[in-house]
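The values are calculated or read from the model by the stated rules, or taken from the named source; none is laboratory data. Being a predicted model, the structure only gives us computed values, none of them experimental. Glycine gets a Cβ as well: all are built from the backbone with ideal geometry, and neighbour counts include every protein chain shown. For accessibility, only protein heavy atoms count, side chains too; no ligands or nucleic acids. Shrake-Rupley method; radii C 1.70, N 1.55, O 1.52, S 1.80 Å.
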Number of protein chains: 2
Amino acid sequence: LIIYGRNPVREALRGPRTVGTIWATPGAIRSEAWLPGSARATPAPEIEQRCASGAHQGVCAEVTAYRYAPPEALLELPSPLIVALDQVQDPQNLGSICRTAECAGAAGVVIPERRSAEVTAAVCKASAGAVEHLRIARVRNLSDFLAAAKAAGAWCYGAAADAGQPYTAVDLSGPVVLVLGSEGRGLRPRVAAGCDALIGLPIRGRIESLGVSAAAAVVIYAAQAARERSAR
Amino acid sequence: LIIYGRNPVREALRGPRTVGTIWATPGAIRSEAWLPGSARATPAPEIEQRCASGAHQGVCAEVTAYRYAPPEALLELPSPLIVALDQVQDPQNLGSICRTAECAGAAGVVIPERRSAEVTAAVCKASAGAVEHLRIARVRNLSDFLAAAKAAGAWCYGAAADAGQPYTAVDLSGPVVLVLGSEGRGLRPRVAAGCDALIGLPIRGRIESLGVSAAAAVVIYAAQAARERSAR
């Protein structure tokens with residue numbers, strides 16, 4: 001398995017995956033002090049061929065498979081902030097949301113096994129390597145996960161453009177699951193029905209809805225701010 | 001000038017630009033009820049050739065040039081929420097931030113003339129067409145714009161990963177300019193020095209910083225929430 005890009009390879013070296021051979025251009029070897037001495041000086045076209053992407057920034061590496069977390073592990077953490085994604089299929093969006101979740105100190109991200117982007121090299125790149133330090137769990141059925149989360153004491157909030165209650169009106173400081181829907185279609189009815197409440201992001205313009213990664217950033221950081229307030 | 005994608009063309013039809021010929025695949029003509037009867041049924045490969053992008057979703061259109069707003073127009077609005085971008089070069093990020101700014105009801109976005117992405121067809125696409133309804137101003141010098149904004153009574157807040165004061169500690173309910181730096185390098189020192197204060201987004205993970213479009217979403221919606229609170 002090959003990952004590519006400077007942040008992804010650097011974070012893989014700091015994370016739990018085993019990193020094998022690293023290939024880097026002479027330019028990257030000069031500028032990236034974190035690259036180990038074992039990195040093999042390699043011309044850019046060969047790196048591009050190895051990782052099958054033009055976005056390699058002069059670095060790619062062989063790594064072991066991404067290790068998903070068991071979903072229960074997220075629920076067992078104290079007062080977890082969990083982000084659940086209902087069929088987000090764009091690797092850019094999944095990567096961006098994982099980066100935001102990791103930065104905010106979230107307990108982890110839950111994705112369904114089917115009809116969802118998974119943690120590919122493109123997602124590693126879009127997350128700036130954040131996936132290496134983040135618990136990501138795959139579940140067969142997202143509604144069942146929400147039921148388990150509720151049984152474990154978490155509140156499940158579904159983000160929906162047309163929800164009557166704004167996200168600022170709910171208490172996000174305890175154990176919560178923030179559920180975000182796919183690009184374009186939003187939450188599936190069964191997933192929305194499995195939430196304790198729907199929360200809206202106020203739209204004051206003419207465009208109908210925020211992008212899913214922007215919406216995720218808003219609610220994830222609102223939950224982080226609520227936690228920091230209640231900890232004071 | 002050719003723009004492409006379903007949202008971009010639909011929003012151009014609702015916005016101030018003049019839209020000329022529209023080309024659409026037979027499939028898009030069937031599914032997109034908003035397409036005018038004058039749309040020309042066109043095979044997908046011809047659409048791809050016309051717009052030079054594979055992301056056309058079966059629709060492209062000829063439009064007049066994007067009309068930038070004069071920067072003063074943003075400052076003249078009552079209690080404006082303005083987003084200023086210091087050399088954001090990735091069209092995806094510029095588009096995503098414009099979409100968020102438009103959804104939040106911001107007065108507009110300010111970008112420098114040089115070393116910044118401008119409003120290309122790719123930015124229209126990444127913004128889901130939001131640029132058509134948003135004031136975007138280009139300025140020769142961002143520091144001069146911040147000085148003018150301060151003279152007009154606005155507070156300029158620069159977002160910086162390492163700022164001591166979190167964004168939640170400042171009052172974002174009045175006239176404000178939220179200044180965001182480029183991917184990777186952040187705010188230039190002269191731009192940071194031109195801000196009234198720097199505000200940080202708390203990082204609780206191992207990754208050093210949020211993506212610029214996620215950071216923008218957090219601070220833009222924090223400002224929107226502060227406005228809605230103070231209006232009550």
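The condition (being open to solvent by 10 Å² or more (accessible area, probe 1.4 Å) and touching a Gly at 6+ places or on another chain (Cβ under 9 Å)) is satisfied by just one residue among B:Ala122, B:Ala137, B:Ala101, B:Ala52: B:Ala122.
Residues that are more than 8 Å from chain A (Cβ to nearest Cβ), part of a loop (DSSP other than H, G, I, E, B) and either under 20 Å from the mean Cα position of the chain (by Cα) or surrounded by 23 or more Cβ atoms within 10 Å (Cβ to Cβ) (or both) within the range B:195-213 comprise just one, B:Cys195. I need the full set of residues from the range B:89-112 which are at pLDDT 95 or above and away from chain A (no Cβ under 14 Å), in order please. B:Val110, B:Ile111, B:Pro112, listed by residue number. Scanning the range A:60-79 for residues that are within 14 Å of chain B (Cβ to nearest Cβ), of a type in the set (S, T, N, Q) and either under 24 Å from A:Gly158 (Cβ atoms) or under 12 Å from the mean Cα position of the chain (by Cα) (or both) turns up at least one hit.
For the range B:14-48, a tally of residues being closer than 16 Å to B:Cys124 by Cβ and aliphatic (A, V, I, L, M) returns 3.
Which one of these is outside any loop (DSSP other than H, G, I, E, B), closer than 30 Å to A:Asp162 by Cβ, open to solvent by less than 10 Å² (accessible area, probe 1.4 Å) and without any contact (Cβ under 8 Å) to a residue 40 or more places away in the chain: B:Gly95, B:Gly27? Sole residue among the options that is outside any loop (DSSP other than H, G, I, E, B), closer than 30 Å to A:Asp162 by Cβ, open to solvent by less than 10 Å² (accessible area, probe 1.4 Å) and without any contact (Cβ under 8 Å) to a residue 40 or more places away in the chain: B:Gly95. Of the residues making up the range B:46-92, those that are in a helix (DSSP H, G or I), touching a helix residue (DSSP H, G or I) at 6+ places or on another chain (Cβ under 9 Å) and more than 21 Å from B:Thr18 (Cα to Cα) are B:Pro71, B:Glu72, B:Leu74, B:Leu75, B:Pro91, B:Gln92. Residue count for the range A:30-49, restricted to those that are open to solvent by 60 Å² or more (accessible area, probe 1.4 Å) and under 30 Å from A:Arg135 (Cβ atoms): 3.
Return the residues of the range A:119-155 that are away from chain B (no Cβ under 14 Å), part of a loop (DSSP other than H, G, I, E, B) and more than 29 Å from A:Ala197 (Cβ to Cβ); say none if nothing qualifies. Of everything in the range A:119-155, those that are away from chain B (no Cβ under 14 Å), part of a loop (DSSP other than H, G, I, E, B) and more than 29 Å from A:Ala197 (Cβ to Cβ) turn out to be A:Val119, A:Thr120.
Among residues of the range B:218-231 that are under 14 Å from B:Leu178 (Cα atoms) and open to solvent by 20 Å² or more (accessible area, probe 1.4 Å), those with a Cβ under 9 angstrom from a residue that is part of a helix (DSSP H, G or I) and not basic (Lys, Arg), sequence gap 6+ or separate chain, pair up as B:Ala222/A:Val218; B:Ala222/A:Tyr221; B:Ala222/A:Ala222; B:Ala222/A:Ala225; B:Ala222/B:Tyr167; B:Ala222/B:Thr168.
Sub-8 Å Cβ pairs linking a first residue in the range A:147-169 that is closer than 20 Å to A:Gln87 by Cα to a second residue that is outside any helix (DSSP H, G or I) and of a type in the set (Asp, Glu), at least 6 apart or interchain, are A:Cys156/A:Asp196; A:Tyr157/A:Asp196; A:Ala161/A:Glu208, ordered by first then second residue. Number of residues in the range B:61-87 that are of a type outside the set (D, E, K, R) and surrounded by fewer than 24 Cβ atoms within 10 Å (Cβ to Cβ) equals 15. In the set (1) open to solvent by 20 Å² or more (accessible area, probe 1.4 Å); (2) more than 14 Å from every other protein chain (Cβ to nearest Cβ); (3) touching a residue at least 60 places away in the same chain (Cβ under 8 Å), the condition left unmet by B:Ser182 is number (1).
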